[in-house]
Amino acid sequence: MTYIWELETPALLVDIDALEHNARLMANRSADAGIAWRPHVKACKAPSMALRLIEAGAVGITCAKASEALVMAEAGVGDILIANEVVGAQKVARLIDVARLAKLCVAVDDPANIREISAAADAAGVTIDLLVDIDVNLHRCGVSPAEAPSLCALIADLPGVQLRGLMGYEGHVMHLPDAEKERETAASAAIIAQAYERCTADGYAIGVRSGGGSGNYRYVLSQGALTELQAGGAALMDLTYEQMGVEGHRQALSLICQIVSATDAGRAAGDAGWKATGRHTGLPSVVKPQGWQCVGLSAEHTHLSRDGGEPLRIGDRVELIPHYSDSTVLLHRTLYAHRAGVVEEAWAISGAGALQ
């Protein structure tokens with residue numbers, strides 16, 4: 001039996017009880033709203049966790065990159081959406097590798113890219129589903145509703161690909177105040193609805209309308225405009241999602257560091273700097289021991305300040321909650337899954353570095 005406090009530090013942890021609570025909550029809320037849950041796994045990058053989410057009720061998973069999808073498919077994940085454009089011969093060849101292992105769907109917004117995927121899929125004897133990506137005011141990728149039917153027509157005419165539906169990611173709304181977030185989520189959904197109406201009017205079957213993130217998923221579910229929810233990061237939960245107003249979730253992701261210097265009773269240094277915690281959204285918070293806070297990060301050190309707690313000594317362990325899981329997990333190679341502090345499994349973060 002191994003306890004989390006015995007692990008070599010820095011050690012990235014996931015509390016299985018909290019993870020299962022969060023996954024059941026998201027799956028059940030989605031089911032109650034009549035929406036399929038397809039969580040994005042760009043935060044966890046661990047196939048073992050992806051499979052746990054599917055066990056909890058997810059219909060499949062969402063990935064960001066073809067290489068990430070291949071890692072998941074090779075580990076037995078059977079239904080994958082790449083909610084991103086995949087362009088270029090090398091990356092499209094990787095799509096073929098995924099499609100040989102799993103049911104695959106990819107976002108598209110360009111005729112040349114659709115033809116590229118079609119040619120490769122047809123030559124390989126596989127079929128790849130496509131979602132026409134709609135710009136829902138994020139202004140990053142995607143076409144307008146008026147442009148969507150022509151892409152549907154092209155997909156219908158080409159071999160090796162088939163139209164599954166539409167998607168649009170409303171990433172611009174996630175950090176907005178609640179009232180504004182609700183309104184802008186509805187505005188994004190209205191753009192998808194307009195594209196749906198145009199495409200169906202032209203005779204194209206739109207089976208899926210996919211989108212949503214953890215920061216706005218409660219509005220996606222209550223508004224009922226989409227048929228598939230991509231939110232996944234809140235299964236781990238972190239300080240960023242807390243600030244976004246995600247409710248009912250428990251913090252599942254944490255990080256153990258070790259005190260390596262404590263020359264002053266009012267401060268201490270841990271061995272988890274920004275290379276272990278990430279820092280582009282903010283600083284981690286200290287869970288244990290109480291009475292300490294993180295006041296800064298350098299490359300290899302956690303800067304801790306005493307705030308009423310007992311003095312720390314070298315060798316003491318400190319548990320932190322990362323500020324944002326997306327910028328923390330990819331820095332590690334193992335996610336230690338535990339219950340009540342007892343390590344049950346070590347999950348390989350095999351999608352770390354899968355950027356292609």
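Could you give every pair whose Cβ atoms fall below 7 Å, whose first residue belongs to segment 188-208 and is touching a residue at least 12 places away in the same chain (Cβ under 8 Å), and whose second residue is surrounded by fewer than 13 Cβ atoms within 10 Å (Cβ to Cβ), counting only separations of at least 6 or pairs across chains?
198/146
Could you please let me know if residue 65 is touching a helix residue (DSSP H, G or I) at 6+ places or on another chain (Cβ under 7 Å) and closer than 23 Å to residue 106 by Cα?
So residue 65 does not fit the description; no.
Could you identify the single residue in 41, 71 that is crowded, with 24+ Cβ neighbours inside 10 Å and over 18 Å from residue 235 (Cα atoms)?
Of the residues listed, the single one that is crowded, with 24+ Cβ neighbours inside 10 Å and over 18 Å from residue 235 (Cα atoms) is 71.
Considering only residues that are assigned to a strand (DSSP E or B) and crowded, with 19+ Cβ neighbours inside 10 Å, which ones fall in segment 1-12?
The answer is 11, 12.
Tell me yes or no: at least one residue of segment 301-312 is in contact with a Ser or Thr (Cβ under 7 Å, 6 or more places away or on another chain) and within 14 Å of residue 11 (Cβ to Cβ).
Looking for residues that are in contact with a Ser or Thr (Cβ under 7 Å, 6 or more places away or on another chain) and within 14 Å of residue 11 (Cβ to Cβ), one finds none in segment 301-312, hence no.
Among the residues of segment 19-39, which ones are in a loop (DSSP other than H, G, I, E, B) and either touching a Lys or Arg at 6+ places or on another chain (Cβ under 8 Å) or closer than 25 Å to residue 347 by Cβ (or both)?
The answer is 38, 39.
Can you work out which of the residues in segment 328-356 that are among the small types (Gly, Ala, Ser) and more than 15 Å from residue 11 (Cα to Cα) is surrounded by the fewest Cβ atoms within 10 Å (Cβ to Cβ)?
Selected residue: 340.
Which residues, taken from segment 55-66, are in a helix (DSSP H, G or I) and crowded, with 21+ Cβ neighbours inside 10 Å?
The answer is 66, and nothing else.
Per-residue answers, yes or no, for (1) exposed (fewer than 15 other Cβ atoms within 10 Å of the Cβ); (2) in contact with a Leu (Cβ under 9 Å, 6 or more places away or on another chain); (3) closer than 17 Å to residue 228 by Cβ:
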{"site": "165", "(1), (2), (3)": "no, yes, yes"}
{"site": "180", "(1), (2), (3)": "yes, no, no"}
{"site": "201", "(1), (2), (3)": "yes, no, no"}
{"site": "205", "(1), (2), (3)": "yes, yes, yes"}
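Going through segment 219-239 one residue at a time, which ones are among the hydroxyl-bearing types (Ser, Thr, Tyr) and either in a helix (DSSP H, G or I) or buried (at least 24 other Cβ atoms within 10 Å of the Cβ) (or both)?
Those that are among the hydroxyl-bearing types (Ser, Thr, Tyr) and either in a helix (DSSP H, G or I) or buried (at least 24 other Cβ atoms within 10 Å of the Cβ) (or both): 219, 222.
Do you know which residues across segment 258-281 are within 22 Å of residue 241 (Cβ to Cβ) and either at pLDDT below 95 or in contact with a Lys or Arg (Cβ under 8 Å, 6 or more places away or on another chain) (or both)?
Matches in segment 258-281: 278, 279, 280, 281.
The values are calculated or read from the model by the stated rules, or taken from the named source; none is laboratory data. On a predicted model such as this, the values are computed, not experimentally measured, just so you know. Reconstructed Cβ throughout: ideal geometry from the backbone, glycine too, with neighbour counts over all protein chains shown.
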